[in-house]
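The values are calculated or read from the model by the stated rules, or taken from the named source; none is laboratory data. No experiment lies behind these values; they were computed from the predicted model shown. Positions of Cβ are backbone-derived with ideal geometry, glycine not excepted, and every protein chain shown enters the neighbour counts. Just so you know, the surface numbers come from the protein's heavy atoms only, side chains and all, with ligands and any DNA or RNA stripped out. Shrake-Rupley method; radii C 1.70, N 1.55, O 1.52, S 1.80 Å.
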Amino acid sequence: MHSMSFLCHEFVVAVSFGACVLGLILLWDGKQPKDDIEETEKILFRMSFSYWLVYCVAFALEKVILPDWESVMISLKITTALSYFLTFSCILSLPLHKFAVHRVEE
């Protein structure tokens, strides 16, 4: 049972890797943002996708690199943890930013 959930997690990470690349491509437009608010939102979205992309790559490298390379494995585990928390903080910042802008407009 444990190996099935592990394979499911690997599949979800692989699919989310593709989704992150697609999301970054969609956010990559040459238009100037209308205002600072729109620019901040785009930056937060880009950061979320980028940090999650780093997580996916580090997660994949953890599976590929030999367990004998302990220092590399520790670095990858730290990278996955940091990128996970940075992604979470960016995602959390999006609604907080909207709320703060809405409060200023009132």
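Data overview
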item	result
Failed criterion for V64 (all others in (1) under 30 Å from A100 (Cβ atoms); (2) over 12 Å from the mean Cα position of the chain (by Cα); (3) not acidic (D, E) hold)	(1)
Every pair of residues 6+ apart whose Cβ atoms lie under 7 Å, when the first sits in segment 84-102 and is open to solvent by 90 Å² or more (accessible area, probe 1.4 Å) while the second is in a helix (DSSP H, G or I)	Y84/Y55; I91/S48
Within segment 13-29, tally of residues that are in contact (Cβ under 8 Å) with a residue 12 or more places away in the chain and either open to solvent by 30 Å² or more (accessible area, probe 1.4 Å) or farther than 16 Å from F59 by Cα (or both)	6
Every residue from segment 65-83 that is without any contact (Cβ under 8 Å) to a residue 24 or more places away in the chain and not β-branched (V, I, T)	L66, P67, D68, W69, E70, S71, M73, S75, L76, K77, A81, L82
